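Heads up: the structure comes next, in structure tokens.
Just so it is clear, none of the values below were taken in a lab; they were calculated from the coordinates. In this text, all values refer to a predicted model and were calculated from it rather than measured experimentally. Ideal geometry is used to build each Cβ from the backbone, glycine not excepted, and the neighbour counts take in all protein chains shown.
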Amino acid sequence: MFDSIDGEMTRQAMRCLQEFGALVNVGIHGGDAFALDLKDLMRNSKRIVGWQFIDVLKHQPDMIYAALQQITDYLEMGKIRPHLSHIFPLEQAAEAQRFLIEERRFGKVVLSM
């Protein structure tokens, strides 16, 4: 399971993990700190792995470049299709920003040029 939010989302993700499951925390983009039940972690052989993109880029750039190339290939082959919530013309950038702040969106918000 991948998590980049932290706080309540991480708590929920930990509850969803099955025995021998792993939570991969990719940066911390929000949320609050919380207490972790180490007994549950140990009793159910769960794992937590965390890393920051910038640290991997700094210390293992080839790994990032290879992953980005793989993602690009998958996009070109149609194996990955990001969900676009809304597309705004560049002239409506302020409206797009308001939408990001005020709406509960699912998917990416894109500015077109």
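Scanning the stretch 33-60 for residues that are closer than 22 Å to LEU17 by Cβ, over 18 Å from the mean Cα position of the chain (by Cα) and surrounded by 10 or more Cβ atoms within 10 Å (Cβ to Cβ) gives PHE34, LEU36, ASP37, ASP40, LEU41, ARG43, ASN44, SER45, LYS46. The residue of the stretch 92-113 that is surrounded by the fewest Cβ atoms within 10 Å (Cβ to Cβ), among those that are farther than 22 Å from ARG81 by Cβ and polar (S, T, N, Q), is GLN97. Among the residues of the stretch 63-113, the one identified as assigned to a helix (DSSP H, G or I), β-branched (Val, Ile, Thr) and either in contact (Cβ under 8 Å) with a residue 60 or more places away in the chain or farther than 24 Å from GLN52 by Cα (or both) is ILE101.
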